[in-house]
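Heads up, the thing below is written out as structure tokens.
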There are 2 protein chains.
Amino acid sequence: MTRPPLSPTERSTIQRGKQRAATERADLDEVLDAGVICHLGVVINGAPVVLPTCYGWEGDTLYVHGSTGASTLRTAIAGAEVSVAITLLDGIVYARSAFHHSANYRSAVVHGRARLVEDPDEKLHALAVITQQVAPGSWDYTRGPNRKELAATSVLALELTEAAVKIRRGPPVDDEEDVAEDSRWAGVLPVRQVWGEPEPCPLLPPGVAAPSHVTLRGASLGE
Amino acid sequence: MTRPPLSPTERSTIQRGKQRAATERADLDEVLDAGVICHLGVVINGAPVVLPTCYGWEGDTLYVHGSTGASTLRTAIAGAEVSVAITLLDGIVYARSAFHHSANYRSAVVHGRARLVEDPDEKLHALAVITQQVAPGSWDYTRGPNRKELAATSVLALELTEAAVKIRRGPPVDDEEDVAEDSRWAGVLPVRQVWGEPEPCPLLPPGVAAPSHVTLRGASLGE
């Protein structure tokens, strides 16, 4: 599978905080792999609308899905431009000055025209890809979508060619005078997402154990 | 301080998943309190741009800030419409069917015209409010912004009057036939953000302990 380097256009070229810009395709892949939700931006009646939703990705294509009734998706389906942001918060940067406070994070913002996925095979595959991102292992374990469910779901595809990736890691960057003063603590308070214990559906009969794709996920990223 | 109920317009009235719509101002406050970052959407050259950034809020006003050089902020400053989303992911909902997979979350999407904060007192206060959201306790502990730093920072204010709040909690909602089949586990894998151990800046001299507003934050939301 080809993995072109990121080819930023004017809007995907990072103007602010250039030292945080990542230009390798591998950086984009890392952010896309680690995320669970994205924020989809569309223009409706001339105004921006930002909504959280699930996504999946494979190769050079990002997929988002939603109800066929959702106005954000209907707008995007009309061939309009969209913007999709995936952000991972890794820590709060406590500097010696209020001004230099910051966050450690990894983010990707993808721009482009969304394409409605109409081919039935691609649509089913896209839903498998999204499910794999949100709930790895669930696609093969659960009942697949029937015709009615497929008809109620819209899937949009966005090419991963125009993307801006920003990554901030490490300690605060303070002014020399503030560092020299030595009177205040500075550093990073890391933050991460951890999984809890699986909570069984109350309608489950006794004795149905959680499958390994759920229990191992919790174990892998939890304490 | 008045706390009007949410007064949704057409775009802030939730069309999809109405059962998840929250209409109390207290629900909005809860989401705003719990978030650390938001996603700001603006329209640039007719296309949406979504960017993660920090925010703060007080009463009926949401503040975001950024460099005066950032094009997203410059666009918003021109009096344009913006959309700000704050999303808290609480769990992955594993259903018996792929179609009914979902996420437990709390989200708020605020719409409106951003106002550039020009009054020096309000600007300084807004920066304190944002710092309190991102790094509680830091504003009083650290060196405050000087004139040059204030000039390099733009602050936007957005009224909290037009907001859509969605909350999903609880187990999966499956089709009756899938529940009756009893062959598959279903439930929720909770997820939450936890703080790690503070990582001191390498430039700190020995013996400077992390202040309580950092250590207690880690303790309060960590294990």
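FYI, it's all coordinate maths here, none of it is from the lab. Remember, predicted model here, so these are calculated numbers, not experimental data. Cβ placement follows ideal geometry from the backbone for every residue including glycine, while neighbour counts extend to all protein chains displayed.
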(request) Shortest first and in nm with one decimal, please list how far the A:G46 label point sits from its counterparts in the other copies (point 7 Å along Cα→Cβ). (result) 1.5
(request) Would you tell me the mean number of C-beta atoms belonging to other protein chains that fall within 10 Å of each C-beta in B:138-149, as a whole number? (result) 5
(request) Starting from a label point 7 Å past Cα on the Cβ side, list the distances from A:R113 to the same position in the other copies, nm, shortest first. (result) 3.2
(message) Running a GNM on chain B with Cα contacts under 10 Å, which residue among B:R143, B:R96, B:R20 ends up with the highest mean-square fluctuation?
(response) B:R143
(request) Within a 10 angstrom radius of each residue's Cβ in B:33-46, how many Cβ atoms of other chains show up on average? Whole number is fine. (result) 5
(request) Could you check which residue among A:R192, A:R25, A:R74 shows the biggest mean-square fluctuation in a GNM of chain A with a 10 Å Cα cutoff? (result) A:R192
(request) Arrange the following residues from fewest to most other Cβ atoms within 10 Å of their Cβ: A:S102, B:S67, B:S212, A:S83. (result) B:S212, B:S67, A:S102, A:S83
(request) Provide a whole-number value for the mean count of partner chain Cβ atoms within 10 Å of the Cβ atoms in peptide A:99-111. (result) 4
(request) Can you spot the aspartates and glutamates whose alpha carbon is less than 16 Å from A:K166's alpha carbon? Ignore those fewer than 8 places along the same chain. (result) A:E10, A:E24, A:D27, A:D29, A:E30, A:D33, A:D90
(request) For A:P206, go 7 angstrom from Cα along the Cα-to-Cβ vector, then report the distances to that same point in the other copies in nm, smallest first. (result) 6.1
(message) Just to be sure I understand the model, the point goes 7 Å from the Cα along the line to the Cβ. What's the resulting A:D140 to A:E197 distance in nm?
(response) 2.9
(message) Starting from the 7 Å offset along Cα-to-Cβ, what nm value, one decimal, do you get for the label separation of B:A80 and B:R20?
(response) 2.8
